[in-house]
Amino acid sequence: MAESERQTGSPEEATPPLCQSFMIPKKEIHMVPDMAKWKRSQAYADYIGFILTLNEGVKGKKLTCEYKVSEPIEKLMELLDTLDRWIDETPPVNQPSRFGNKAFRTWYAKLDQEAENLVKTVVPEYLAEAAPEVALYLKESVGNSTRIDYGTGHEAAFAAFLCCLCKIGVLRVDDQLAIVFKVFNRYLEVMRKLQKTYRMEPAGSQGVWGLDDFQFLPFIWGSSQLIEHPNLEPRHFVDEKVVNENHKDYMFLECILFITEMKTGPFAEHSNQLWNISAVPSWSKVNQGLIRMYKAECLEKFPVIQHFKFGSLLPIQPVTS
């Protein structure tokens, strides 16, 4: 195709071919001393930058507010709907142990097989070569099929998946609200359904001393949503009535609702860390504290990060800029 024709073609054709060579991400953190490589890496800088950019973007906004929904966002929603439908098509099996239903492995095998094709429905054709690299993070984001568990490392893989879609230009700056309020929120719904349906074990949970058995990011972004709220203060989230009336607007309260559905007994006993957080005077202090805690408890813990994979989009190489 002549250069002049390229310019007048469809948007796909007008996009220059990528000079990047993609690769299947792999483990790089094998021993505790390797953690220093991770903290200096481009991947760490990009990942935490992505989390904090979204944190800023959702500040003071409700889940129900108006925002732009682009075509890639719609496609991601369809992808998550597909994962949800597969849960319905893969009922739990009868087995002696209560936890870790083996039907999850059947469900996971389907994702393992289809992940690349699913990603290809989201990325334009000229980016098809990126699909295997990006798809790996999607496969890592739903739990471990051997142990039938799920934890913050899997959640981080989904954030990495979204970060990669931003890096290749599929998701853009004006998709920020939709990334959190639509896509990530839908991801949470599907993960909660997986956790309930297959009775998944929490991965590397600190039990009562952790923030939550399964998730962390919705507490960060959810607390940002509540910053400078005219009447909801941190002390209110332990009030059942407040949670019931406001959970559709705020991710944080949606998380609290899920915890109270899944756990019995006094809140202060089953979720001690959250109970302590309810005593913090302001949501901005809660938000800052949770970011610090996320870095310390998730991103700087070897048992979590040893599973993280590095490729061309989230490289292990030290930060250049």
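Points to keep in mind about this one:
- Theoretical gain in end-to-end length, ASN117 to GLU233 [0.36 nm per residue, Cα-Cα removed]: 37.3 nm
- Summed residue charge, Cβ within 9 Å of HIS307's Cβ, Lys/Arg positive, Asp/Glu negative: +1
- Euclidean distance between Cα centres, segment 217-237 to segment 179-204, Å: 21
- Helical content of the chain, expressed as a calculated mean residue ellipticity at 222 nm, amounts to -15000 deg cm²/dmol (DSSP H runs of 4 or more residues, -39,500 (n - 2.57) each, divided by residue number, nearest 500).
- Inter-part distance, segment 50-86 to segment 279-320, computed on C-alpha centroids, equals 21 Å.
- Among the listed pairs LYS75/LYS139; LYS102/LYS193; LYS27/LYS182; LYS39/LYS309; LYS37/LYS301; LYS59/LYS263, a Cα-Cα separation exceeding 19 Å is found for LYS27/LYS182; LYS59/LYS263.
- In range of the label at MET23: residues from segment 95-137 whose backbone nitrogen is under 13 Å from the point 7 Å along Cα→Cβ: 133
- Helix axis angle, 71-89 relative to the chain longest principal axis, alpha carbon, degrees: 60
- Sequence-distant residues sharing a close amide H with LYS27 (under 5 Å, placed H): PHE310
- Multiplying the residue separation of ASP88 and LYS295 by 0.36 nm and removing their Cα-Cα distance gives an extension gain of 71.0 nm.
- A 1.4 Å probe run over the protein chains yields, for the chain, 48 Å² of accessible area per residue, whole-number rounding.
- Summing +1 for each Lys or Arg and -1 for each Asp or Glu among the other residues whose beta-carbon sits under 14 angstrom from that of CYS298 gives -1.
- 0 to 90° range, to nearest 10: angle between helix 283-294 axis and the chain longest Cα axis: 70
- Protection-proxy order for peptides 120-129, 160-169, each taking the mean of Cβ atoms within 10 Å per residue, highest first: 160-169, 120-129
- Local electrostatic count, ASN272, Cβ distance below 15 Å [Lys/Arg +1, Asp/Glu -1]: -3
- Taking Cα atoms only, the orientation of helix 251-262 departs from the longest principal axis of the chain by about 60 degrees.
- Length gained when the stretch ALA268-GLU74 is fully extended (0.36 nm per residue, less Cα-Cα span): 65.9 nm
- Of the labelled figures [x] 39; [y] 56; [z] 43, only one reflects percent of Cα pairs over 29 Å apart as derived from the coordinates, namely [x].
- Among the protein heavy atoms of segment 155-277, carbon and sulfur supply 49% of the accessible surface, probe 1.4 Å, non-protein parts ignored.
The values are calculated or read from the model by the stated rules, or taken from the named source; none is laboratory data. This one's a predicted model, so the numbers in the text were calculated from it and none came from an experiment. Note that we place each Cβ from the backbone using ideal geometry, even for glycine, and neighbour counts take in every protein chain shown. Surface accessibility is based on the protein's heavy atoms, side chains included, excluding ligands, DNA and RNA. Shrake-Rupley method; radii C 1.70, N 1.55, O 1.52, S 1.80 Å.
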